[in-house]
1. Which value results when the Cα radius of gyration for the range 24-80 is divided by 2.2 N^0.38 Å?
2. Sort the range 102-150 into rounded, prolate or oblate with this rule: let a ≥ b ≥ c be the square roots of the eigenvalues of the Cα gyration tensor; rounded if a/c is under 1.5, and if a/c is not under 1.5, prolate when a/b is larger than b/c, oblate otherwise.
3. Find how much the distance from Ala49 to Cys6 grows on full extension, using 0.36 nm per residue of separation minus their present alpha carbon separation; answer in nm with one decimal.
4. Where a ≥ b ≥ c are the square roots of the eigenvalues of the C-alpha gyration tensor, would you call the range 19-141 rounded, which needs a/c under 1.5, or, failing that, prolate if a/b is larger than b/c, or oblate?
5. For the range 67-106, what does the alpha-carbon gyration tensor say about shape, rounded, prolate or oblate, given a ≥ b ≥ c as the root eigenvalues, a/c under 1.5 as rounded, and a/b over b/c as prolate?
6. What's the ranking of 66-77, 14-25 by average number of surrounding C-beta atoms within 10 Å, highest first?
7. Can you tell me the accessible area per residue over the range 48-126, all protein chains present, probe 1.4 angstrom, in square angstrom?
8. Carbon and sulfur together cover what percent of the accessible area of the range 29-116 at a 1.4 Å probe radius?
Amino acid sequence: VDAFWCFVGFMDQVGSNFELDQGGMKRQLDDLTEIIKFVDPVFYNYLEAKESGNLFFCFRWMLIWFKREFNYSDTLTLWEVLWTKKPCKNFHLLVCAALLDTEKSAIVENKYGFTEILKHVNDMSHRIDLQKTLSKAEGIFESLRVDSTISDRLVNILGLAPPTPVSSQNGHNHEESQNGTGDPQRATSKPMAIQNRKLSGNSHARERHRTESSNASSSLNNSSSVEVLSEIDDEQKFENSLNSNFF
């Protein structure tokens, strides 16, 4: 019974990923595209030049929330973090952005195109350090939260609170009025470097559920050419579905 209701709760979170018209997946890919364009426009331009700007190679990450990328224990930890909807909604998109930031050097230096990027993403399975990835994703969130140039669309995607002007009372200006923003924390906080971001001491679920990293040599799923071709077929089917339903 418990397992059934856990499944029901999970499907409440990801049910749109399995819509027949792929609308839920398309929306998430569009949202991730918006994030990458903002946080790393140079890398996004590279992907566009390599006909990979649609980010279809991230499809497997989003479909069942990275289930194929981590061992069982790490998957439970990650899902619990995502279920909290903290530090923001759609945090899984920032996890995707963090993974791309980690791998972009290899992708760019080797001049990977779509096929090579797809194979590279497959080969990442069970090689990812979950805690470092979550830390980097939270660092991206912090940098966006304090960025005064962030677009309204990103504010909506991540559920960030927009600045709220506060009027002065009794002739005295509040701190937020002096800083020209209605959110003092947003105005005075400084972005934290993504590479050096450490896990904060808040109530995030991952602080209560640390697990040992999986042994890469025992859990690594070596991608064969057959698997890669299968993934390419899946991506092509997905792209054809999008083209037939949305364009």
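1. On the way: Rg = 13.2 Å, N = 57, 2.2 N^0.38 = 10.2 Å.
Normalised Rg, Cα atoms only: 1.29.
2. In terms of gyration-tensor shape, oblate.
3. 11.3 nm
4. Rounded is the answer for the range 19-141, as its axis ratio a/c remains below 1.5.
5. Working: a/c = 3.33, a/b = 1.27, b/c = 2.62.
Oblate, since a/c reaches 1.5 and b/c is not below a/b.
6. Descending mean neighbour count gives 66-77, 14-25.
7. Heavy-atom accessible area per residue stands at 40 Å².
8. The computed percentage sits at 52.
The values are calculated or read from the model by the stated rules, or taken from the named source; none is laboratory data. Computed from a predicted structure; not experimentally measured. Here the Cβ is made from the backbone with ideal geometry for all residues, glycine too, and neighbour counts use every protein chain on show. In case anyone asks, the SASA skips ligands and DNA or RNA and just uses the protein heavy atoms, side chains included. Shrake-Rupley method; radii C 1.70, N 1.55, O 1.52, S 1.80 Å.
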